[in-house]
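The values are calculated or read from the model by the stated rules, or taken from the named source; none is laboratory data. On a predicted model such as this, the values are computed, not experimentally measured, just so you know. Here the Cβ is made from the backbone with ideal geometry for all residues, glycine too, and neighbour counts use every protein chain on show.
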Amino acid sequence: MSLVRASSAPQRNLLSPALALLTSRALAHLILGGYALLAVFPVLMIVINSLKERRYIFGEPFALPNPMSFSLIGYETVFSRSNFIQNFANSLIVTAVAVFFIILFGSMAAHALAEYDFPGNRWVALYLAIGIMIPIRLGTVSLLRFMSNLGLVNTLLGLILVYIAQGLPLAIFILSQFMRQIPKDLKDAARIDGASEYRIYALILPLVRPAIGAIGIFTMIPIWNDLWFPLVIAPSAQTATITLGVQQFLGQFVSDWNAVLSALTLAMVPILVLYVLFSQQMIRSVTAGALK
C-alpha cells in the first residue's frame, strides 16, 4: 500500500504542471478568440446587411442573405450617385506612392545613421524620435499655409508629401535599429570586392525585409483610413480619398441604410484584403523586431 502511494505521488506532481499549462493555454485562446469575435462581428454585420433589402436589415439583422432578402440596391446607389471609383483611385495612388517613398527615403536615411558615425548622428536620431512622439496634426495650420503657398492645395501631391513626412520618423527609427544589427564584416567584404556605397545599400535591403514589411503595413493602414488631411488639404471632388468620399456620401444618404452599409463595406474591404494577404508578413516582422 505504501508503494502504491509513493508511486502515485510523483505522477500527481508531473500531471499538475502539465494541467496548469494546458489550462493557461486554453484560457489564453478563449480570451483571444472572444476578442477576435468582438472585433470581427461588427464588420460581418455591415457586410451581411449591405446585401439585404431595407426591411430585412431591421427585421432580420443577424440572418444571412437569402433569395428573399438578397439585394444589391445599395451598391447600385453607391456607384451611380457617388464618385467611388475616383475616390478609390485617389486613395490607391496616395497610399502606394507615400508608402513607397517612406520606405525608400527611410531606408536611405537609416543606412546613413547606422553606417556612418558623422558629427550630430545621435542628435539626428533624437530629433527623429521626437518626430514620432509629436503628432503631425498639431501643425495643421502651418501645413495648410505652406501647401497654399506652394499651390498644392486640392492636389494629390500635397497629400503624398504630408504622409511621407508623417511616416518617415518611425521608418527611420525602426530601420536604423535593424541595420545596426547587420555584421560590419559583411559590408567590409563588399567594399573589398569593389562595391560602391549604393551597392552596399542595395545588398542590405533584403536583410531588413521584416522591418520593411512592418513599416509598409503600419504606415499603409493609417494613410488609407485618414480623414483629417484629405478634409483639410484636398477636399475637392476630384482629389477626395475614399474615406472622405464615403463620409460625404453618408451625409447625403444618412437615411438610406442600404447605401450607407454598402459604402462602408466598399471602403473597408480593400484594406481588410490587404491585411489578410500580408498578415503573416506582419507577424514575422513583429516577431523579428521583438527578437532584435
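On the basis of being hydrophobic (A, V, I, L, M, F, W, C), assigned to a helix (DSSP H, G or I) and more than 20 Å from Ala96 (Cα to Cα), does Leu186 make the cut? Answer is yes for this residue. The set of residues from segment 236-252 being surrounded by 15 or more Cβ atoms within 10 Å (Cβ to Cβ) and closer than 22 Å to Leu150 by Cα comprises Thr239, Ala240, Thr241.
Would you mind finding the one in Arg284, Arg199 that is in the same structural domain as Lys184 (by TED's automatic domain parsing), modelled with pLDDT of 80 or more and among the charged types (D, E, K, R)?
Values: Arg284 fails: modelled with pLDDT of 80 or more.
When all the criteria are applied, what remains is Arg199.
Mind counting the residues in segment 94-133 that are over 11 Å from Leu168 (Cβ atoms), over 16 Å from the mean Cα position of the chain (by Cα) and not aromatic (Phe, Trp, Tyr)? So that I can check it myself, show each step before the final result.
Our first condition is that a residue be over 11 Å from Leu168 (Cβ atoms); within segment 94-133, this holds for 94-97, 99-100, 111-127, 129-130, 133.
Cutting the leftovers down to over 16 Å from the mean Cα position of the chain (by Cα) gives us 111-127, 129-130, 133.
With the extra rule that they be not aromatic (Phe, Trp, Tyr), the set shrinks to 111-115, 117, 119-122, 124-126, 129-130, 133.
Final tally of qualifying residues: 16.
The set of residues from segment 78-87 being under 29 Å from the mean Cα position of the chain (by Cα) and part of a helix (DSSP H, G or I) comprises Val78, Phe79, Phe84, Ile85, Gln86, Asn87.
Any chance segment 111-124 includes a residue that's at pLDDT below 85, at positive phi and either assigned by TED's automatic domain parsing to the domain that holds Thr239 or exposed (fewer than 13 other Cβ atoms within 10 Å of the Cβ) (or both)? Within segment 111-124, one or more residues are at pLDDT below 85, at positive phi and either assigned by TED's automatic domain parsing to the domain that holds Thr239 or exposed (fewer than 13 other Cβ atoms within 10 Å of the Cβ) (or both).
With a requirement of 1 or more residues that are within 30 Å of Leu186 (Cβ to Cβ), the helices (runs of 4 or more DSSP H) lying completely within segment 197-265 that satisfy it span 197-204, 209-225.
For segment 41-61, give me the residue count where each residue is within 26 Å of the chain's Cα centre (by Cα) and either without any contact (Cβ under 8 Å) to a residue 12 or more places away in the chain or outside any helix (DSSP H, G or I) (or both). Qualifying residue count, segment 41-61: 4.
Conditions (1) under 25 Å from the mean Cα position of the chain (by Cα); (2) within 27 Å of Ser142 (Cβ to Cβ); (3) of a type outside the set (Phe, Trp, Tyr), marked per residue:
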| position | (1), (2), (3) |
| --- | --- |
| Pro169 | yes, yes, yes |
| Met179 | yes, no, yes |
| Ser196 | no, no, yes |
| Ile204 | yes, no, yes |
| Leu231 | yes, yes, yes |
| Ala234 | yes, yes, yes |
| Gly251 | no, no, yes |
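Scanning segment 92-110 for residues that are modelled with pLDDT under 85, aromatic (Phe, Trp, Tyr) and under 30 Å from Lys187 (Cα atoms) turns up nothing.
The residues of segment 1-40 that are over 24 Å from the mean Cα position of the chain (by Cα), modelled with pLDDT of 70 or more and hydrophobic (A, V, I, L, M, F, W, C), listed by number, are Ala18, Leu19, Ala20, Leu21, Leu22, Ala26, Leu27, Ala28, Leu30.
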